[in-house]
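Heads up: the structure comes next, in structure tokens.
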Amino acid sequence: MSTSAASHLSPAFPARAPWGTAGKLRAWQQAALDEYLGRQPRDFLAVATPGAGKTTFALRIASELLQRHIVQQLTIVAPTEHLKKQWAEAAARIGIRIDPEYSGSSGPVNREYHGVAVTYAGVGVHPMLHRRRVENRKTLVILDEIHHAGDSKSWGDAVFEAFEPATRRLALTGTPFRSDTNPIPFVSYVAGSDGIRRSAADYTYGYGHALADHVVRPVIFLSYSGDMRWRTKAGDEVAATLGEPMTKDAINQAWRTALDPQGSWMPQVLRAADKRLTEVRKAIPDAGALVIATDHESARAYARMIREISGTGATIVLSDDTGASKKIEDFSAGDSRWMVAVRMVSEGVDVPRLAVGVFATTISTPLFFAQAVGRFVRVRRRGEVASVFLPSVPTLLQHANEMEVERDHVLDRQKKGEGLYDSEDALIAQANQEKDTPGEQEQFSFEALESEARFDRVLYDGAEFGLQAHTGSEEEEEYLGIPGLLEPDQVQMLLQNRQARQLARSRRKPDAEADLSEKPAAQRPVVTHRELSGLRKELNTLVAAWHHRSGQPHGVIHNELRRVCGGPATAQASAGQLQDRISKIQQWATSAR
């Protein structure tokens, strides 16, 4: 083991060194290393976007500290069993021997090893075992994806108890933000001007900087809407368009209907993604694609669809499959087209040839989304472009548009009454509690009936492009055929040109042929849940006013509006349906004067 060997590790192990970086650390790695060696801190938090090369950076620090005898051993803590082995393989390439099979029952560590790799769950089971190790010998603890130490309070407590005596602690993460307020051990929190404490990194290297440095791929998001129909537990059939304004519950049901293997939405989107993969493989022959599925049953169904579409099978990776890690490794080393995974391809799992993704899960937290997209951004040669297919769901589109936003973990939450919209939210909540009929109970369990997909828009670098188009149409092909090798500014220019051509063609169409929205994506914003709640509030306010004027019960008024305007109950109505009812009751009020 030597720092010389570490300096020759690929800047983004386990991938090949990308364009312009071979034989040396990347600029951010060198700057972060200089910062660390200059300060020699006990704790150091490095936040770097997925694919930037955090493993190489950490192992370079480890080799420096071992060679200088500042530490005598390592403990690497990773989220999964697969990542333990990946860390051991990376360390072995520079002469650092790590035991990835170490456990509390395996006895003392063999003296041939420089350290061990364990999981956060393993530390949670035996915190005192690891504490004794770091008390007995000077230890560097590398906490990979440290936000996982906040997955539960017990894990956080165990990590703190186990590694509080450590000589040095190096924390790494690509996604430091969490939706909860569980404190992450050994992370500093600094109060802002608003009094809220946020995590403070010692070095940050975000996606925007990495994209400018050609360290990660540009990502284009291809969003698909479509017509959905489902039946509620109450027996009502609901028809809606994915991407149109709906209540939060209706959005979730439409989303789940789209992902249902029995419908047409998933086969149509997978067919589009397979066409995109074929285009990408013209420039990147071994490019692969990944479907991120919600559950095992759906994953198997998606794999059957892929075989029918592409004529070749897909590698299926399930969370309870004992051979999952081996399947990922084999897929990464091969050149087959498709892999379908459930919860196994998360942060740190590296398959550098992945270039096309299908986000086919209803998990929508910013953390999960960033981890999922991180599987596609690792660059191997300059100009590679990643493509991710999404349902047109407001939350996902917002995440896609905020790819370059750097976030921190917020430890505190605003107290009740401090939020800008608190008073408005209270009014909306009160209005939404009013039922269409007395005692009516909306049920949100459902049965998916049918679905159809439509190309909706492309999102790139915070901007949106494209007109709506039927799957298989010439308009859709315009975007599926974007070359797989482009510079970031070329992607922007090409998308603008594609949209301009679509608009020019649409202007030449007779009005009768314009069966889909002919407005550019930027002029077709997805209405937020807050805006939809505002429409429901306005309708309920008008119904209350009409009740006072006419003496009719609220439920009778709502039912009459549904009879005249059509559509489901207020809680499930789209923005257009709500606006129709608002206009109708305003018409009643005007006519009654």
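The values are calculated or read from the model by the stated rules, or taken from the named source; none is laboratory data. Please read these numbers as outputs of a predicted model, since none were measured by experiment. Please note: Cβ atoms are built from the backbone with ideal geometry, for glycine as well, and neighbour counts cover all protein chains shown. Side chains included, ligands, DNA and RNA excluded: accessible areas come from the protein's heavy atoms. Shrake-Rupley method; radii C 1.70, N 1.55, O 1.52, S 1.80 Å.
Leaving ligands, DNA and RNA out of it, work out the accessible area of HIS214 with a 1.4 Å probe and give it in Å² to the nearest 10.
Here the residue's solvent-accessible area equals roughly 50 Å².
For segment 86-94, just list the computed ³J(HN,Hα) in residue order, Karplus coefficients 6.51, -1.76 and 1.60, θ = phi - 60°, integers in Hz, with x standing in for Gly and Pro.
5, 4, 4, 5, 5, 5, 4, 5, 10
Mean separation of Cα pairs under 8 Å and 6+ residues apart, divided by the residue count of segment 176-267: what relative contact order is that in percent?
14 percent.
Could you state how much accessible area HIS558 has, in square angstrom rounded to the nearest 10, with a 1.4 Å probe and all protein chains kept in place?
That residue has around 0 Å² of solvent-accessible surface.
With a cut-off of 14 Å, note down the residues of segment 80-113 whose backbone N falls inside the zone around a label point 7 Å from the Cα of SER319 toward its beta carbon.
The answer is 80-81, whose backbone nitrogens lie closer than 14 Å to the label point.
How long is the gain from ARG381 to VAL556 if the chain were fully straight, where each residue apart is worth 0.36 nm and the alpha carbon distance is subtracted?
56.5 nm
Each residue of segment 224-235 in order: what ³J(HN,Hα) in whole Hz does its phi give by Karplus 6.51 cos²θ - 1.76 cosθ + 1.60, θ = phi - 60°, with x for Gly and Pro?
Computed from phi, the couplings for segment 224-235 are 10, 9, x, 8, 10, 9, 8, 10, 7, 4, 6, x Hz.
At 7 Å along the Cα-to-beta-carbon direction for both ASP43 and THR312, put a label point, then send me their distance in nm to one decimal.
Here the modelled spin labels are 4.8 nm apart.
Just grab the label-to-label distance for ARG68 and GLN30, each label 7 Å out from Cα along the Cβ direction, in nm (one decimal).
1.9 nm
Note the full-extension length gain between THR278 and ARG132 as 0.36 nm times their separation in residues minus their Cα-Cα distance, in nm to one decimal.
The span from THR278 to ARG132 would gain 47.2 nm if fully extended.
Excluding ligands, DNA and RNA, what is the solvent-accessible area per residue of segment 207-292 at a probe of 1.4 Å, expressed in Å²?
Heavy-atom SASA per residue in segment 207-292 reads 33 Å².
At a 1.4 Å probe, what is the % contribution of carbon and sulfur to the accessible area of segment 192-290?
43 percent
Can you tell me the FRET efficiency between THR365 and LEU449 if r is taken as the Cβ-Cβ distance and R0 is 30 Å, rounded to the nearest 0.05?
0.60
Can you pull the semi-axes for segment 277-331, root of five times each eigenvalue of the Cα gyration tensor, sorted largest first, whole Å?
21, 15, 9
Over segment 224-346, what is the relative contact order in percent, taking alpha-carbon pairs closer than 8 angstrom and at least six residues apart?
That works out to 22 percent.
Put a dot 7 Å past each Cα toward the Cβ at ALA500 and THR294; how far apart are the dots in nm?
In this crude label model, THR294 to ALA500 measures out at 4.1 nm.
Full extension from ARG111 to ASP249: what is 0.36 nm times the residue separation minus their Cα-Cα distance, to one decimal in nm?
Stretched out fully, the ARG111 to ASP249 stretch lengthens by 44.0 nm.
When only Cα pairs under 8 Å and 6 or more residues apart are kept, what is the percent relative contact order across segment 117-233?
Here the relative contact order equals 22 percent.
Does anything in segment 480-508 have its amide N under 20 Å from the 7 Å Cα→Cβ label point of SER473, and if so which residues?
480-482, 495-508
Need one value: the accessible area of PHE465 in square angstrom, 1.4 angstrom probe, rounded to the nearest 10.
That residue has around 10 Å² of solvent-accessible surface.
With r as the distance between the Cβ atoms of GLU402 and GLU101 and R0 = 25 Å, compute the FRET efficiency 1/(1 + (r/R0)^6) and round to 0.05.
Here the calculated transfer efficiency is 0.05.
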